[in-house]
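These notes are about the structure you will find just below.
Where a number appears in this text, it was derived from the coordinates with a stated rule and is not lab data. What you see is a predicted model, and the numbers here were worked out from it, not measured in a lab. In this analysis, Cβ positions are derived from the backbone assuming ideal geometry, glycine residues included, and neighbour counts consider all displayed protein chains.
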Amino acid sequence: MQSQVFDSSTSLANDIASHISLQSHILVVDDEEINRLVIINLLSSKGYRISECTCGEEAMDFLKATYDTPDQVDLVLLDVMLPNITGYDVCTHLRKQKSSNQLPILFLTSKTQVDDLAKGYEVGGNDFLTKPVDKRELFARVDMQLELLKSHRQLHENLSQLKQMQSQLVHAEKMSGLSTLVAGMAHEINNPTNMTVAGTYNLDEQLHRLQQFINSLLEEDDSDISAAFQKRFNELFLALDTMREGSSRMQKLVEGFRLFSHLDEMDYQHCHLSSDVQACLDIVKATYCDQIDFVCTIDDDPEIQAHAAQLNQVFMNVMINACQGVLDKWRGKTDTEGKGKISIRLFQEGDFVIVQITDNGVGISDENAGKIFEPFFTTRAVGEGTGLGLAIAFGIVEEHKGSIDVCSQETQGTQVTIYLPLKDDTL
Ligand SMILES: Nc1ncnc2c1ncn2[C@@H]1O[C@H](COP(=O)(O)OP(=O)(O)OP(=O)(O)O)[C@@H](O)[C@H]1O
Ligand SMILES: [Mg+2]
């Protein structure tokens, strides 16, 4: 094996063997065996994990195979004069994948090559070491590069945490704003809806009474007039049915808004998800039902412990994504060409209750699939999407000790499966 994790047999290396996996991983690339051995012996005395390669091609393959794995290399000591491909060319190639902040490269040069230093920095090298290497200089330069790398990684982590916190704040704002708005709408619509329901009921009674009164006035031989009245009354009763249907839908929507906002429940409660899933669907349908066919199947509806208002946010985000994905594919198509369809299924599997949302929309490309849960990742036009929907959904489901699985095929559609544990004593 030409490149390997160095197995040092020195006593010092053995002493620190238990910590070695925590140590920085250094790759030494030099075609001269004696040079490699000297450097490896010196560095292994400090407990670094060391791998070695004898040429540029081998080094590039090794690095590529270990990028972003637990075996990733933290620092490369790269000889300038290598067979076939020079150290500078290797560096130019490596810089296409990793910046000098992510993968420091120390060039190993002979004394006669020091004039070439500018070229080394030009191709993205971090520093130089002249051969034969001086022990103290080697340690100092290696330590400095690894310290810088550590600081850079720390900065990167802090930045991700800040982004995460920012997204949580935006989410909290969005959630409370949306819940308050929806609860306010439910309250405002409730009164006129009840008035309409009561008015329809009264009108129905009055019409029946009027019908009886007119019938009582008619003589037996007034059958023509009676039939004409009956026809008119039938039309009026039909119109009333439509009004009743409309106001009952409004009542359902108000109930859905109330359920969605759960403003009075700020903590985990025992709940069944079917009514929440249905409430979210009703709200989404109100916007998209003309363009998309929705199917909702409730196979099981076990009790779980959940923060229902937050879960509603998850269902809404995923349903809206599905609608957008579907419209992106089917907008402007005729019914004969096909139609957008979204299926929602609630069922139980083992210790989990599962909400599955499947669409036949544009799907997600393999390239984007790995990024969709990242805060602020969006493929929508500026102003159309914040790229927070799935990041928020992920956070909420994780808090419920559940998980989200996304399975998608570009141009064919997407299936999002939300797993929520039936019981979790820690919640
Ligand atoms: N069902 C889906 N079909 C196609 N693409 C999807 C689907 N769900 C998610 N995506 C992709 O994932 C990206 C991220 O989704 P996410 O919900 O996090 O943000 P967004 O929808 O772009 O913006 P918003 O914050 O308004 O939700 C989307 O921009 C889209 O490219
Ligand atoms: Mg979204």
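Which residues' amide hydrogens lie under 5 Å from the amide hydrogen of Phe352, considering only partners 5 or more residues apart or on another chain, with H built in the peptide plane?
Leu422
What residue among Asp68, Asp359, Asp351 shows peak mean-square fluctuation when the chain is described by a Gaussian network model with Cα springs under 10 Å?
Among Asp68, Asp359, Asp351, the largest GNM mean-square fluctuation belongs to Asp68.
Pop out the ³J(HN,Hα) list for the stretch 149-163 in order, Karplus 6.51 cos²θ - 1.76 cosθ + 1.60 with θ = phi - 60°, rounded to Hz; leave Gly and Pro as x.
Using θ = phi - 60°, the values come out as 4, 4, 4, 4, 5, 4, 4, 4, 5, 4, 5, 5, 5, 4, 4 Hz.
May I have the extent of the alpha carbons of the chain along their three principal axes, as whole Å values ordered from largest to smallest?
Principal axes ranked by extent give 126, 49, 35 Å for the Cα atoms.
What's the angle, to the nearest 10 degrees (0 to 90), between helix 308-330's Cα axis and the longest principal axis of the chain?
90
Which one of Gln415, Leu129, Thr196 has its Cα pushed farthest toward the positive end of the charge dipole of the chain, where Lys and Arg give +1 and Asp and Glu give -1 at the Cβ?
Checked the options; the winner is Leu129.
Please turn the phi angles of the stretch 406-420 into ³J(HN,Hα) values with the Karplus equation 6.51 cos²θ - 1.76 cosθ + 1.60 (θ = phi - 60°), one per residue in order, whole Hz, x for glycine and proline.
For the stretch 406-420, the Karplus-derived couplings read 10, 10, 9, 10, 4, 6, 9, x, 9, 10, 10, 10, 10, 9, 10 Hz, x marking Gly and Pro.
Looking only at Cα atoms, what is the convex hull volume of the stretch 139-261 per residue, in Å³?
Numbers: hull volume 12.5 nm³, N = 123.
Looking at the stretch 139-261, the number lands at 101 Å³ per residue.
Looking at Gln168, Ala118, Cys289, which one has the Cα that reaches farthest to the positive end of the dipole of the chain (charges on Cβ: Lys, Arg +1; Asp, Glu -1)?
Ranked along the dipole, the leading option is Ala118.
Quick query: amide H of Ser51 versus all other amide H atoms, modeled in the peptide plane; which residues come in under 5 Å with a sequence gap of 5 or more or a different chain?
Hits under the 5 Å cutoff: Phe6, Ile26, Leu27, Val28.
Long-range amide H contacts for Ser110: which residues qualify at under 5 Å (H placed 1.01 Å from N, peptide plane, sequence gap of 5 or more or a different chain)?
Lys131
Helix 56-66 sits at what angle to the longest principal axis of the chain, using alpha carbons and giving 0 to 90 degrees rounded to 10?
The angle comes out at about 40 degrees.
Which one, Val90, Val397, Ile364, is farthest towards the positive end of the dipole of the chain when Lys and Arg carry +1 and Asp and Glu -1 on their Cβ?
Value computed over the given set: Val90.
If the stretch 321-427 were replaced by its equivalent ellipsoid, with semi-axes equal to the square roots of 5 times the Cα gyration tensor eigenvalues, what would those be, largest first, whole Å?
Each semi-axis is the square root of five times an eigenvalue, giving 27, 18, 10 Å.
Compute, for the chain, the length of the dipole vector about the Cα centre, with Cβ point charges of +1 (Lys, Arg) and -1 (Asp, Glu) only. Units Debye, rounded to 20.
Values: 35 positive and 64 negative charges, 251 e Å.
Dipole about the Cα centre, nearest 20: 1200 debye.
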